[in-house]
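Below is one structure, written out as C-alpha cells; the observations come after it.
The values are calculated or read from the model by the stated rules, or taken from the named source; none is laboratory data. The structure presented is a predicted model; accordingly, all values stated were derived computationally and were not measured. FYI the Cβ positions are ideal-geometry reconstructions off the backbone, even for glycines, and counts take in every protein chain you see. Ligands, DNA and RNA are excluded from the accessible area calculation, which covers all protein heavy atoms including side chains. Shrake-Rupley method; radii C 1.70, N 1.55, O 1.52, S 1.80 Å.
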Amino acid sequence: MTVQAQILDLVRALDTRGSAVVLITHDMGVISQIADRVLVMYGGRAAEDGPRRAVFHGPCHPYSWGLLDSVPRVGGPRLRRLPTIAGVPVSPGGPPEGCAFAPRCRLRHESVRGAARAVRGRLRRHHPPRGLLAAAAGPRVAAAHGTRGGDRRTRRAQGGDTVTAQSIMAVNGDGGARTSGDVLLRASNVTRHYPLRADPLSRRRKVLRAVDGVSLEVRTGETLGIVGESGCGKSTLGRCLVRLTELTGGRVEFDGQDLTTLSTRRLRPVRPGMQLVFQDPQASLNPRRRAGDSVAEPLLVHRYGDAVAVRRRVAELFDVVGLAAAHLDRYPHEFSGGQRQRIGIARALATAPKLIVADEPVSALDVSIQAQILNLFADLQEEFALTYVFIAHDLGVVRHVSDRIAVMYLGEIVELAETEALYEAPAHPCTQARLSAVPDIDDGSSAASASARERIVLTGEVPHPVGKPTGCPFRARCPYARERCALERPRFTLTAPGRHTACHFPVTNPAGPVPSA
C-alpha cells in the first residue's frame, strides 16, 4: 500500500504538469482518489461514464453500484457478507444480444410497474444506448433500468449484515457466535534463510533472511490475517507453517504435533489436515488436466477410495463451491478466473482439512468475483469449522475476513492485534503508515474515508533482506525513530491486552503528538 501510494503521487505530479492520464484498473479505491472522470465497462461496452464524484456518490448503472457495493472497506462498519453481483462475467468471445449485463442484473428480475414486459424484452433484444438516463452535467448510462444515487448506502447496508462491536466474530450455521477454541497452529521463532553466492571480493557468503524469527498462534475456528508489502516474507511464512518449505530454524506445531521433527514418511498422514489455496488460480491448475482430475488428485494420493467413490466425492466438492457436475470434464482455460479459484478451493477441501493457508487468493480477481469468493470462504468456514491463515496485501479484504491481523515488515511480525483494535488505533508506525495510505472509496458515507484521513508519507526505500540494518528494521523510514532504535532491536512483546508490538515507542494515540523517549 505504501509503494502504491508513492506511485499514485507520481501520477498526480505528471497530471499537474499538463499530462493527460488514462488509468486502467479494477481497484475502485485508486479510481476514487485519483480520477477526474470514470468510465465503467462491461462486456466490451461502455456501461456508464461521468464525473468521478457523480459516479461514486450516485451510480446509475446496476453494474456500477454493484461493483461499488462489493468492495470491502477499511473504514465504516464491517459486513458479515459482502453484497455481490450474481453470475459470472460475460464471455468476450460471444457477448449476448441486447444488454450484456442483463443475465446478472438484479433489476431485470424485480417487478417493474407498467411496461415491465416491454422493458425486459428491450433488454434481451437491444443494448441500451448510452444517455438513456443522461443529464447535461451528470453521468451517461447504458441501462434500461437506472437509479439516481442517494440510496446506494442503504442498498449496501441491506446487502450484508453489519458486524457490531458485540459480534465481531463470524456466525456459525446455527446462528450462535463462533468462539475460538484451543491453539491449532503454533509457530515459535520460525526462520527461513536462503544462502546466496559468496561475494567474489570479500568471499563472504551472504544470507537472504526471508522469514526472521516469527512467533504466532492460530486458534481453532479463527481467521488470522497476515499483511505486508511485496517481499516481506508473507508467502514464505505461509509455506513454512505447513512445511511446504523447510525451516532454517524454529518450530511449528500443528494439532499438537511438532512438524519440524517429522520425517517425510511420518508427515504424510498429517498432510490432509492442512492445505493451501494459491494466488494465481490459472497457474495453480495443470492446463492439460480436466478440472475434476485436479480435484481428485489429493484423494488418490491419500487413498480415499475407489474410482467411483472419488468421482462422487469430487462432484460433491464441486457442488459445495458453487460449480456444476457438468464442469468436471472441462479444462482450466474453459473457466473464468473466479471459477478457477473455486476449483482450487475444492481441491483444498478434498482431504477435509482443519487448516487452510490462503495465499493472496483474491488478488487476481475482478472486484465483483472477489466478493463472491470472500463470501464462499466465510460459508465454508461456518459449514466445516475451518481455520484460516489469510495472506493478503489488500487491507480492506483482510479487515473483512480476519479475527486477528499480523503485520509483517522485512521478514518479521511488527504488530499483532484484534482486527477492529488494529484499524481503530494502530500501535506500530509501520501499521499506521500503511492504513493512512489505503485508497479507500470516498462515497461521502463515512468520515473515515481516505479523503478524511491524514496521509503519512514514508521516506526512503525498504531495506534489502540480505543486509538488514541493525536495531529496528523500520527505523530508517520511521517518523518516530530515536537513537535507541538504531542500537537495539525491539522485542515482540505484549504492549496492551490482545496486542503484541515490536516497537520501542509504540503510537499510543495516532492522532496525538509524536511519542517521546
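Structure values in brief
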read-out: Stretchable slack from Asn189 to Arg311, in nm (0.36 nm times residue separation minus alpha-carbon distance); value: 39.7 nm
read-out: Pairs of alpha carbons in segment 1-84 whose separation is greater than 18 Å (percent); value: 50
read-out: Within the accessible area of segment 35-79 (1.4 Å probe), percent carbon and sulfur; value: 53
read-out: Zone residues, segment 373-416, relative to Asp27, backbone N less than 13 Å from point 7 Å out along Cα-to-Cβ; value: 393-397
read-out: Alpha-carbon centroid distance for the pair segment 384-430 / segment 39-71, whole angstrom; value: 30
read-out: Stretchable slack from Leu244 to Asn286, in nm (0.36 nm times residue separation minus alpha-carbon distance); value: 13.2 nm
read-out: Set of segment 235-279 residues, backbone N closer than 14 Å to the point 7 Å along the Cα-Cβ line of Ala352; value: 272-274
read-out: Calculated FRET value between Val11 and His302, using beta carbons and R₀ = 51 Å, to 0.05; value: 0.55
read-out: Ser215-Glu424 FRET efficiency (beta carbon distance; Förster radius 30 Å; 0.05 resolution); value: 0.75
read-out: Label-point separation in nm, Val270 to Ala385, each point 7 Å along Cα→Cβ; value: 2.1
read-out: Integer Hz, Karplus 6.51/-1.76/1.60 couplings in order for segment 357-370, x for Gly and Pro; value: 9, 9, 9, 6, x, 10, 5, 9, 10, 5, 4, 5, 6, 4
